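The values are calculated or read from the model by the stated rules, or taken from the named source; none is laboratory data. What you see is a predicted model; the values in this text were computed from it and never measured. Every residue, glycine as well, gets a Cβ built from its backbone with ideal geometry; the counts of neighbours run over all protein chains shown. Calculation scope for accessible area: heavy atoms of the full protein, side chains included, ligands and nucleic acids excluded. Shrake-Rupley method; radii C 1.70, N 1.55, O 1.52, S 1.80 Å.
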Amino acid sequence: ALNAVQLAQERWRANNAAYSSTLGTGGLQLSSTSSSKHYAITISTPGSPGDRTQYTAVATAASGSSQAGDGECAVLGMRMKDGNLLYGSASSGTIADTAYVATGNACWSR
């Protein structure tokens, strides 16, 4: 699901001056849940207002899904920043800014 967001963001940016800040109507035309319904998907465009040269996409395991008990990998994130794609994960809540790395994230290497 996060790879679909990344591909849609690149298609969006090819036709617009910035990344999209929404998944649904008026944005990427993607669902806010993964096709398996195991994850809720969100995107945000951090930075100063109007600066949409970066984005963060996060997949959070849905309560009651088989992924909810996935230890340190219940929350997966992908961040485009300064032209680099970074990956992060957390056991719950939000992913710390320092958790986003280019390589070596245990949850993304599976």
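Structural remarks
- For the range 24-95, accessible area per residue (1.4 Å probe, heavy atoms of protein chains only), Å²: 52
- Environment charge at D97 (Cβ cut-off 13 Å; Lys +1, Arg +1, Asp -1, Glu -1): +2
- Taking the 1.4 Å solvent-accessible surface of the chain as the whole, the part contributed by carbon and sulfur is 51%.
- Relative contact order for the chain, counting Cα pairs under 8 Å that sit 6 or more residues apart, in percent: 17
- Dipole of the chain computed with +1 at Lys/Arg Cβ and -1 at Asp/Glu Cβ about the Cα centre; of Q6, G24, G83, farthest Cα towards the positive end is G24.
- Alpha carbon centroid spacing (whole Å) that separates the range 50-103 from the range 12-31: 19
- Principal-axis analysis of the Cα atoms of the chain puts helix 2-15 at an angle of about 0° to the longest axis.
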